[in-house]
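**Student:** Sharing a structure here in structure tokens format.
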Amino acid sequence: MSIHSAPDRCDLLIRGGHVIDGTGAKSFAGDVAVTADRIDAVGDLQNTHAEEVIDARGHVVAPGFIDVHTHDDHLLLTNSEVTPKLSQGVTTVVVGNCGVSLAPWSADRPPPPPMDLIGSEQDYRFPTFESYRLALEQKPAAINAAPLVGHSTLRCSTMDNLDRPARHEEIENMRAQLRSSLQAGAIGFSTGLAYAPNRAATPDEVAALAGELQEFSGIYATHMRDEGDQLFSALEESFVTARRAGCPVVLSHHKCASPKMWGRSAESLARIDAAAEQQLIGLDVYPYTAGSTILMEDHIEASKRIMVTWSTTVPEARGRDLADLAVDWDCSLVEAMRRLQPGGGIYFMMEDDDVERILTHPKSMIGSDGLPHDEHPHPRLWGTFPRVLGHYARERQLFTLEQALHKMTGLSAKTFHLADRGVLQASAFADIVVFDPDLIADRGTFEEPEQTAAGIHTVLVNGTIAWQRGIGTGSRTGRILKNPKTT
């Protein structure tokens, strides 16, 4: 705990809380002073006076949570409160993951799966990244957003046929679009190499695009080519691509997602550690043994159970198990899935031991990977961060509260180059969460996922109260966080 100077007055004072500053350091009893959008001081501020005081006795005061893996690109435009995230203490979302972003989009075709996970054809209306950024700035959300540019989006806007590698001139076109996006503020580039629009891209194509990141201190985030039987070769491809491009890489939602890989997370993490001795590597993880995406037949064999989240052709199937539908229709799981297309599903395809091992790894950050437009979403959309703090820190005691919070604040801000975010320190932006450590918990279930979390007292975004005692305030003080080299 340190105070450069305790101010006589401030705009808002959070008094008497249990301060966890996001760095991983031990907690301490103290106060936090806020003026305008910044933190004035942290520590014993008994002689500081404020226009507004929040009584934090019995509560933890922490940096606002940073969700490093989201698909909230369109939700930011349609739900200014971004309720699923703000209600659980998230103050910043990284959007544009898995190769899917709303911009830059200049294709003359409907967005193919999985592009439809974040919006309809009408929502893909931003021909440049700058036009998307300006739309967010003109109608600010309650929370901050740090956007990535998706490789599938670039391919759709550039190529007539996605089932092949890009030609030289197409790669140059995509590089120009990516560079323009980085100049306009995008924080990095993402791939979704397991998905059809991205699958035919070669490592050379990806490395050529990721090579644009170095000048802008940009991040390369990848949904790897495989998270099941070919996990280790996909890891190696990711490492080599980032080394060739000279940029940091973040491995999206790291998991062991097939029976042959169950229990092998110790090996995958060891490979990550070995590669990290040569290059900058991060990884994110969600705290559940089920994932969610579009309906994909190649996930059937690896899954213990599949729940339908939406279906255009059979809308009444949402929330039902694929196996039950197959019985009703007297057909195979594959045929049942084909009848449901296009659609989405929740796939129960991981083991608890692997999830816990990845969660405790020193490099792992927390990302929800929630899909806000699913009609029956995965509960991670509403409960990821409280679940880590409640179930895994308090109940399972996988790590201390300080360690858990570092994974969702300071480590995330450092990895994604989000300056003055993720810490409770003088001069940092006042993104702050006050929560009850004894009560914080996720309340959503796979059957009833859309439930606000328990235990969140107050959330501040850029110095303004955005959520308090279960209700949003209508604030819209979120900002677009840009890469450090934006011109």
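The values are calculated or read from the model by the stated rules, or taken from the named source; none is laboratory data. It should be emphasised that the depicted structure is a prediction, and the values quoted were computed from it without experimental measurement. Ideal geometry is used to build each Cβ from the backbone, glycine not excepted, and the neighbour counts take in all protein chains shown. Please note that ligands, DNA and RNA were not included when accessible areas were found on the heavy atoms of the full protein model with its side chains. Shrake-Rupley method; radii C 1.70, N 1.55, O 1.52, S 1.80 Å.
**Student:** Taking Ala234, is it assigned to a helix (DSSP H, G or I), surrounded by fewer than 24 Cβ atoms within 10 Å (Cβ to Cβ), of a type in the set (Gly, Ala, Ser) and within 21 Å of the chain's Cα centre (by Cα)? Working first, answer last.
**Tutor:** Numbers: assigned to a helix (DSSP H, G or I): yes; surrounded by fewer than 24 Cβ atoms within 10 Å (Cβ to Cβ): yes; of a type in the set (Gly, Ala, Ser): yes; within 21 Å of the chain's Cα centre (by Cα): yes.
For Ala234, the condition - assigned to a helix (DSSP H, G or I), surrounded by fewer than 24 Cβ atoms within 10 Å (Cβ to Cβ), of a type in the set (Gly, Ala, Ser) and within 21 Å of the chain's Cα centre (by Cα) - is met.
**Student:** Among the residues of segment 408-431, write down those that are among the aliphatic types (A, V, I, L, M) and either at positive phi or buried (at least 17 other Cβ atoms within 10 Å of the Cβ) (or both).
**Tutor:** Step one: list which residues in segment 408-431 are among the aliphatic types (A, V, I, L, M), which gives 408, 411, 413, 418-419, 423-424, 426, 428, 430.
Once the filter is applied, which keeps residues that are among the aliphatic types (A, V, I, L, M) and either at positive phi or buried (at least 17 other Cβ atoms within 10 Å of the Cβ) (or both), segment 408-431 yields Met408, Leu411, Ala413, Leu418, Val423, Leu424, Ala426, Ala428, Ala430.
**Student:** Can you name the residue in segment 54-104 that is among the hydroxyl-bearing types (Ser, Thr, Tyr) and under 27 Å from Ile20 (Cβ atoms) and is also surrounded by the fewest Cβ atoms within 10 Å (Cβ to Cβ) among such residues? It would help to see each step written out before you state the result.
**Tutor:** The initial filter retains those residues of segment 54-104 that are among the hydroxyl-bearing types (Ser, Thr, Tyr), namely 70, 78, 80, 83, 87, 91-92, 101.
With the extra rule that they be under 27 Å from Ile20 (Cβ atoms), the set shrinks to 70, 83, 87, 91-92.
Values: Thr70: 29, Thr83: 17, Ser87: 21, Thr91: 31, Thr92: 29.
Within segment 54-104, the match that is surrounded by the fewest Cβ atoms within 10 Å (Cβ to Cβ) is Thr83.
**Student:** Of the residues in segment 8-47, how many are under 18 Å from Ser427 (Cβ atoms) and crowded, with 19+ Cβ neighbours inside 10 Å?
**Tutor:** Residues flagged as under 18 Å from Ser427 (Cβ atoms) and crowded, with 19+ Cβ neighbours inside 10 Å within segment 8-47 amount to 18.
**Student:** Only one of these is within 23 Å of Thr477 (Cβ to Cβ), touching an Asp or Glu at 6+ places or on another chain (Cβ under 9 Å) and in contact (Cβ under 8 Å) with a residue 60 or more places away in the chain: Gly64, Gly24. Name it.
**Tutor:** Working: Gly24 fails: within 23 Å of Thr477 (Cβ to Cβ).
The conditions single out Gly64.
**Student:** Taking only pairs six or more apart or across chains, which ones have beta-carbon atoms under 6 Å, a first residue in segment 93-120 that is closer than 14 Å to Thr158 by Cα, and a second residue that is open to solvent by less than 20 Å² (accessible area, probe 1.4 Å) and in a loop (DSSP other than H, G, I, E, B)?
**Tutor:** That search, which allows pairs on different chains as well, returns Ala103/Phe126; Trp105/Tyr124; Trp105/Phe126; Pro111/Tyr124.
**Student:** Specify the residue that is surrounded by the most Cβ atoms within 10 Å (Cβ to Cβ); the eligible residues are those in segment 237-257 that are among the small types (Gly, Ala, Ser) and in contact with an Asp or Glu (Cβ under 9 Å, 6 or more places away or on another chain).
**Tutor:** Of segment 237-257, the ones among the small types (Gly, Ala, Ser) are 238, 242, 245-246, 252, 257.
So of that shortlist, the ones also in contact with an Asp or Glu (Cβ under 9 Å, 6 or more places away or on another chain) come out as 245, 252, 257.
Working: Ala245: 21, Ser252: 26, Ala257: 23.
Selected residue: Ser252.
**Student:** Within segment 83-94, identify whether any single residue is among the basic types (Lys, Arg), at pLDDT 95 or above, under 29 Å from the mean Cα position of the chain (by Cα) and closer than 19 Å to Arg469 by Cα, and answer yes or no.
**Tutor:** Applying the first criterion (among the basic types (Lys, Arg)) to segment 83-94 yields 85.
Within this subset, residues satisfying the condition of being at pLDDT 95 or above are 85.
With the extra rule that they be under 29 Å from the mean Cα position of the chain (by Cα), the set shrinks to 85.
Still in the running and closer than 19 Å to Arg469 by Cα: 85.
Checked segment 83-94: at least one residue is among the basic types (Lys, Arg), at pLDDT 95 or above, under 29 Å from the mean Cα position of the chain (by Cα) and closer than 19 Å to Arg469 by Cα.
**Student:** Being within 30 Å of Leu340 (Cα to Cα), over 14 Å from the mean Cα position of the chain (by Cα) and not hydrophobic (A, V, I, L, M, F, W, C) is the filter here; which residues of segment 240-287 pass it?
**Tutor:** Within segment 240-287, the subset within 30 Å of Leu340 (Cα to Cα) is 252-262, 285-287.
Now narrow it down to the ones that are over 14 Å from the mean Cα position of the chain (by Cα): 255-262.
If the condition is that a residue be within 30 Å of Leu340 (Cα to Cα), over 14 Å from the mean Cα position of the chain (by Cα) and not hydrophobic (A, V, I, L, M, F, W, C), then Lys255, Ser258, Pro259, Lys260 are the ones that fit.
**Student:** Check Leu398, Leu371 and return the single one that is surrounded by fewer than 20 Cβ atoms within 10 Å (Cβ to Cβ) and assigned to a loop (DSSP other than H, G, I, E, B).
**Tutor:** Working: Leu371 fails: surrounded by fewer than 20 Cβ atoms within 10 Å (Cβ to Cβ).
Leu398 is the lone residue from the list that is surrounded by fewer than 20 Cβ atoms within 10 Å (Cβ to Cβ) and assigned to a loop (DSSP other than H, G, I, E, B).
**Student:** Further, regarding this structure: Conditions first: (1) over 21 Å from Ile432 (Cβ atoms); (2) surrounded by fewer than 24 Cβ atoms within 10 Å (Cβ to Cβ). His378 passes all but one, so which condition is the exception?
**Tutor:** Answer for His378: the failing condition is (2).
**Student:** From Leu405, Leu460, Leu389, which residue is in a strand (DSSP E or B), open to solvent by less than 10 Å² (accessible area, probe 1.4 Å) and either of a type in the set (A, V, I, L, M) or modelled with pLDDT of 95 or more (or both)? Lay out the reasoning, then the answer.
**Tutor:** On the way: Leu405 fails: in a strand (DSSP E or B); Leu389 fails: in a strand (DSSP E or B).
After ruling out the rest, the residue left standing is Leu460.
**Student:** Related question: Are any of the residues in segment 432-449 part of a loop (DSSP other than H, G, I, E, B), on the phi > 0 side of the Ramachandran plot, in contact with a Leu (Cβ under 9 Å, 6 or more places away or on another chain) and open to solvent by less than 40 Å² (accessible area, probe 1.4 Å)? Even if it seems obvious, please write down each step before you answer.
**Tutor:** Kept after step one, since they are part of a loop (DSSP other than H, G, I, E, B), are these residues of segment 432-449: 436-440, 442-449.
Now narrow it down to the ones that are on the phi > 0 side of the Ramachandran plot: none.
No, because not a single residue in segment 432-449 is part of a loop (DSSP other than H, G, I, E, B), on the phi > 0 side of the Ramachandran plot, in contact with a Leu (Cβ under 9 Å, 6 or more places away or on another chain) and open to solvent by less than 40 Å² (accessible area, probe 1.4 Å).
**Student:** If you take the residues in segment 463-482 that are small (Gly, Ala, Ser) and over 13 Å from Ser80 (Cβ atoms), which one is least open to solvent (accessible area, probe 1.4 Å)?
**Tutor:** Here the residue is Gly463.
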